[in-house]
Amino acid sequence: MKRIVVLVSGNGSNLQAILDACQQGRIAGSVAAVFSNKAAAFGLERARDAGVPGHALAASQFADREAFDRQLMLEIDAYAPDLVVLAGYMRILSPAFVQHYAGRMLNIHPSLLPKYPGLHTHRQAIENGDNEHGTSVHFVTEELDGGPVILQAKVPVFAEDSEEDVAARVQHQEHAIYPLAIGWFLNGRLTMRDDAAWLDDQPLPAEGHAFE
């Protein structure tokens, strides 16, 4: 059974989608552990409810980002994961951490990358008058939200939308596409090669595989 370690900072709704997909057999693997940089993250409660070990590390206990990430790597590696999944993990990762899990760490970002890396993506989409927005699953590299895109899902943006409206629409799509991409990886269909995402031995286009 393939093993997944998930990193969260908050509510953990994508973690829940992954836990559900594992339980339903849509992902050929299981969540071995969940880590958070916030002890109060509801994602840790979701983990415990599912019988999965949940761990919190506080940045205040460490001298710097590198020291924090070294300890996090040690604790993650104790679970021997096949894949590390960022699910709303809100810390910038050190280069050493990214390199350690290169090619086996995924993230989901609430925009149609390369548009709107970083924070407040829904606000930017609304302020710029976009009529289309979405979410992207990508491999993690040292460039923030800049790794090869695997899969994207689009949602409409309407003139009367609030950030909350757009966020809800995007999150609904995230819960569909993240388990799908994780399943591809654990089944051996998805790899990162030559700074590109490959599915079934074919390089994916820059925008990844379109989710219909």
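Return yes or no: is residue 102 open to solvent by 20 Å² or more (accessible area, probe 1.4 Å) and over 18 Å from residue 146 (Cβ atoms)? So residue 102 does not fit the description; no.
State yes or no: is residue 101 aromatic (Phe, Trp, Tyr) and under 14 Å from the mean Cα position of the chain (by Cα)? Break it down stepwise before answering.
Values: aromatic (Phe, Trp, Tyr): yes; under 14 Å from the mean Cα position of the chain (by Cα): yes.
Judged against the criteria, residue 101 is a match.
Restricting attention to the range 116-133, the residues that are more than 17 Å from the chain's Cα centre (by Cα) and surrounded by fewer than 21 Cβ atoms within 10 Å (Cβ to Cβ) total 9. Put simply, of 88, 54 the only residue that is surrounded by 17 or more Cβ atoms within 10 Å (Cβ to Cβ) and more than 23 Å from residue 211 (Cα to Cα) is 54. Residues that are open to solvent by 10 Å² or more (accessible area, probe 1.4 Å) and either in a strand (DSSP E or B) or closer than 16 Å to residue 71 by Cβ (or both) within the range 34-50 comprise 37, 38, 39, listed in sequence order.
When you look at residue 149, is it open to solvent by less than 30 Å² (accessible area, probe 1.4 Å) and closer than 20 Å to residue 9 by Cβ, yes or no? Considered against the rule, which asks whether it is open to solvent by less than 30 Å² (accessible area, probe 1.4 Å) and closer than 20 Å to residue 9 by Cβ, residue 149 comes out as no. If you go through the range 134-146 and keep only what is more than 12 Å from the chain's Cα centre (by Cα) and touching a residue at least 12 places away in the same chain (Cβ under 8 Å), you end up with 134, 141, 142, 144, 146. The set of residues in the range 57-71 being surrounded by fewer than 21 Cβ atoms within 10 Å (Cβ to Cβ) and within 18 Å of the chain's Cα centre (by Cα) is empty.
Of the residues making up the range 156-172, just one is surrounded by 20 or more Cβ atoms within 10 Å (Cβ to Cβ) and either touching a Gly at 6+ places or on another chain (Cβ under 7 Å) or touching a residue at least 60 places away in the same chain (Cβ under 8 Å) (or both), namely 170. When residue 31 is tested against (1) outside any strand (DSSP E or B); (2) of a type outside the set (Gly, Ala, Ser); (3) surrounded by 17 or more Cβ atoms within 10 Å (Cβ to Cβ), exactly one condition is not met: (1). Could you list, in sequence order, the residues of the range 125-165 that are over 28 Å from residue 190 (Cα atoms), in contact with a strand residue (DSSP E or B) (Cβ under 6 Å, 6 or more places away or on another chain) and not small (Gly, Ala, Ser)? 157 - this is the single residue of the range 125-165 that is over 28 Å from residue 190 (Cα atoms), in contact with a strand residue (DSSP E or B) (Cβ under 6 Å, 6 or more places away or on another chain) and not small (Gly, Ala, Ser).
Scanning the range 119-140 for residues that are of a type outside the set (Asp, Glu) and over 17 Å from residue 174 (Cβ atoms) yields 123, 124, 126, 128, 129, 131. Listed by first and then second residue, the pairs linking a residue in the range 174-192 that is touching a residue at least 40 places away in the same chain (Cβ under 8 Å) and open to solvent by 10 Å² or more (accessible area, probe 1.4 Å) to a residue that is of a type outside the set (A, V, I, L, M) and part of a helix (DSSP H, G or I), with Cβ atoms under 9 Å apart and 6 or more places separating them unless they lie on different chains, are 174/13; 174/14; 175/13; 175/14; 175/16; 175/20; 191/185.
The values are calculated or read from the model by the stated rules, or taken from the named source; none is laboratory data. Just so it is clear, the structure is predicted and the values come from calculations on it, not from any experiment. Note that we place each Cβ from the backbone using ideal geometry, even for glycine, and neighbour counts take in every protein chain shown. The area values use the complete protein model at the heavy-atom level, side chains included, leaving out ligands, DNA and RNA. Shrake-Rupley method; radii C 1.70, N 1.55, O 1.52, S 1.80 Å.
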